[in-house]
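The values are calculated or read from the model by the stated rules, or taken from the named source; none is laboratory data. Being a predicted model, the structure only gives us computed values, none of them experimental. Every residue, glycine as well, gets a Cβ built from its backbone with ideal geometry; the counts of neighbours run over all protein chains shown.
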Amino acid sequence: MSRRVLRLKINRSNFELLYSEIMKKLSFIDTKIRIYIDTNIFGRAIDGKMDQTNTESIERIVSKKNISLYTSEKTRQEIKNNPNKGAQSYLQFIVNLVTVIPEEHFIKETSVSIGEATLGSVTIGGTTTQEDKTFTQLSVIFQQDDAEHIFQAIKSNAQYFITLDQKTIINKRDEYNKLGYQTRLVTPLDLEKILFAIEDNS
C-alpha cells in the first residue's frame, strides 16, 4: 500500500513539474494578431498620396495593443533610399510607423524556391531547384512583386496582409481566398472594422 501511495505522489510531482514547464513555454507564445504591412502603405505616404481617411485608420490600428506589425527588410531599405523629402508630415508618419515595428519583425526574404535559385525551376550543377508551390499559386493570380510580398506574409504566419493596392490585390482576393491560406488580404478600413469586432466580442 505504501509503495502505491509513493508512486502516486511521484507521478503527481512529475505532472506538476511538466505542467509548470508547459505553462512557461506557453507564456512566450505570441498571441497577438500578426499584421504584414505591404510596401505601398509606406510608398503612398512618402509620395504624399495617402488620403486622410486611410492615414487615420492606420494610426488607430497601430495604436492597438493586441497586434504585432511585420514588413520586409526590402521595404525598410526602400523607405531609407527614397529621395522624396517634400511631404514632411507623411514622412513623420512613416518614421513613427516603422519605429513601432520591432527589429525582429523586419522579415528577411524567404526564398521562393527549394534549392539555390531565387526564382523559377532550373538545374545548377546537377541539382534541381523547384519553385515553392505557394509562390507558384500566387504568381498565377498576382503580379510578381505583389506575389512576393504576399508570399512573405504567408510564410511569416501573418493573419492579415494590409494593403492599399485595390486594383492588383484587393480586387483579386476572391480568387486568392480559394487557395485556402490563413493570411487575409485587407485594406486599412477592412482591418480596423475586424479589430473593433474582435474587441467587441472579447
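For this structure, a couple of remarks:
- Residue within segment 130-142 that is under 23 Å from I58 (Cα atoms) and of a type outside the set (A, V, I, L, M) present: no
- Options K74, K49, K80; residue that is at pLDDT 55 or above, part of a loop (DSSP other than H, G, I, E, B) and either touching a Phe, Trp or Tyr at 6+ places or on another chain (Cβ under 7 Å) or among the basic types (K, R) (or both): K49
- In this entry, S68 is excluded by the filter for residues that are at pLDDT 80 or above, more than 15 Å from the chain's Cα centre (by Cα) and hydroxyl-bearing (S, T, Y).
Condition check ((1) among the hydroxyl-bearing types (S, T, Y); (2) more than 15 Å from S57 (Cβ to Cβ); (3) modelled with pLDDT under 95; (4) touching a strand residue (DSSP E or B) at 6+ places or on another chain (Cβ under 6 Å)) across all residues:
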position	(1), (2), (3), (4)
Y160	yes, no, no, yes
T163	yes, no, no, no
I170	no, no, no, no
E175	no, yes, no, no
I198	no, yes, yes, no
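- The selection criterion, being closer than 24 Å to A45 by Cα and either surrounded by 17 or more Cβ atoms within 10 Å (Cβ to Cβ) or in contact with a Phe, Trp or Tyr (Cβ under 6 Å, 6 or more places away or on another chain) (or both), does not hold for D145.
- Looking across segment 182-202, the residues that are of a type outside the set (V, I, T) and surrounded by fewer than 17 Cβ atoms within 10 Å (Cβ to Cβ) come down to Q182, L189, K193, F196, A197, E199, D200, N201, S202.
- Residue in segment 115-123 that is modelled with pLDDT under 90, closer than 23 Å to E73 by Cβ and either among the aromatic types (F, W, Y) or buried (at least 16 other Cβ atoms within 10 Å of the Cβ) (or both) present: yes
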